[in-house]
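The values are calculated or read from the model by the stated rules, or taken from the named source; none is laboratory data. Since the structure is predicted, the reported quantities are computational estimates derived from the model, not experimental observations. Positions of Cβ are backbone-derived with ideal geometry, glycine not excepted, and every protein chain shown enters the neighbour counts.
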Amino acid sequence: MPEIGLFDAMYSARALRRLKPDPVPQEIITRILDAAVRAPSAGNAQNWVFVVVRDAEQRRRLGVIYRKASDIASEVYKARGCPPHMSDEQYRRFLTSGAYLWDHMGDAPILLVPCLRDRPPPPRETLPPSVQAIYAGELAYEQRIRGASIYPAVQNIILACRAFGLGTVITTNHIRCEDEVKDLLHLPSDVSTYALMPIGYPQGKFGPLARRPVAEVAYADRWGAAWPT
């Protein structure tokens, strides 16, 4: 097992989109997946599935779908404009770094697709009247918490990749073309994808992450009450 401190990994696991084509040993990918399934899931259901795409033609075809989905994303980004937490130059760099991956997703030696089996809510008529009255709210609740059963595993993947010296990044553009992805990967109808993660040895280096300070994003006891520094 590689030796790296947990906080060292969290503080240096940059989004690395430029990856070498060198193959990644299967035993390392297995260890990374084993780290992923240490994550929590709702009710400990562990209803996750991880599709590891290594075949060159499958990667190419998935890359084509990702490019198509990213063209849609590009129009959305343009319409939104520069977000308030970024300067114009930072936003330009963000778009440039993303554009590279749009064209080279299929070049990564590993494309990992974390998926989740859908858990439909019980039919309304099977619930007690008190819950039937708020059924719409229950559906909204189910929708909001769904990612809580897969994204902790995704974070474990990011940290495990960092421990093995592998670069990765979480992307979601492909969900705009979910049906095409599911068809390519032969996913059952009750399985949805939640990320597409290129994995490989990085061309760049790991390094410190630029983040807003805690004092800007944390409140004490109630919204707007300054967090002590």
Consider only pairs whose beta carbons are under 7 Å apart and that are at least six residues apart or on different chains; among these, list those whose first residue lies in region 110-135 and is among the charged types (D, E, K, R) and whose second residue is modelled with pLDDT under 85 and surrounded by fewer than 15 Cβ atoms within 10 Å (Cβ to Cβ). Arg124/Gln132
Out of (1) modelled with pLDDT under 95; (2) more than 24 Å from Ala148 (Cβ to Cβ), the odd one out for Lys68 is which? (1)
Residues (in a helix (DSSP H, G or I), in contact with a strand residue (DSSP E or B) (Cβ under 9 Å, 6 or more places away or on another chain) and surrounded by 16 or more Cβ atoms within 10 Å (Cβ to Cβ)) located in region 147-163: Ser149, Tyr151, Ala153, Val154, Ile157, Ile158, Cys161, Arg162
Residues of region 129-146 being modelled with pLDDT of 85 or more and either among the acidic types (Asp, Glu) or in contact with a helix residue (DSSP H, G or I) (Cβ under 6 Å, 6 or more places away or on another chain) (or both), which ones? Tyr135, Glu138, Glu142
Counting only residues that are at pLDDT 95 or above, in a loop (DSSP other than H, G, I, E, B) and either closer than 20 Å to Phe50 by Cβ or aromatic (Phe, Trp, Tyr) (or both), region 14-33 contains a total of 3
Considering only region 181-196, state which residues are assigned to a helix (DSSP H, G or I) and in contact (Cβ under 8 Å) with a residue 60 or more places away in the chain. Val181, Leu184, Leu185
Selected residue (only one of Asp55, Asp22 is within 22 Å of Gly167 (Cβ to Cβ) and either crowded, with 16+ Cβ neighbours inside 10 Å or in contact with a Gly (Cβ under 8 Å, 6 or more places away or on another chain) (or both)): Asp22
Please find, among Leu116, Leu101, the residue that is at pLDDT 85 or above, more than 20 Å from Asn47 (Cα to Cα) and either surrounded by 13 or more Cβ atoms within 10 Å (Cβ to Cβ) or within 15 Å of the chain's Cα centre (by Cα) (or both). Leu101
Residues satisfying the stated conditions in region 164-176, i.e. surrounded by 20 or more Cβ atoms within 10 Å (Cβ to Cβ) and in a helix (DSSP H, G or I): Asn173, His174
The residue from Tyr91, Tyr135 that alone is surrounded by 12 or more Cβ atoms within 10 Å (Cβ to Cβ), under 26 Å from Ala9 (Cα atoms) and either out of contact with any strand residue (DSSP E or B) (no Cβ under 9 Å at 6 or more places or on another chain) or among the hydrophobic types (A, V, I, L, M, F, W, C) (or both) is Tyr91
Pick from region 67-85 the residues that are among the hydrophobic types (A, V, I, L, M, F, W, C) and without any contact (Cβ under 8 Å) to a residue 60 or more places away in the chain: which of them is farthest from His174 (Cα to Cα)? Cys82
Tell me whether region 76-96 contains one or more residues that are closer than 18 Å to Arg176 by Cα, assigned to a strand (DSSP E or B) and either under 19 Å from the mean Cα position of the chain (by Cα) or β-branched (Val, Ile, Thr) (or both). no
Considering only residues that are surrounded by 10 or more Cβ atoms within 10 Å (Cβ to Cβ) and either in contact with a Cys (Cβ under 7 Å, 6 or more places away or on another chain) or assigned to a loop (DSSP other than H, G, I, E, B) (or both), which ones fall in region 202-219? Gln203, Gly204, Phe206, Gly207, Leu209, Ala218
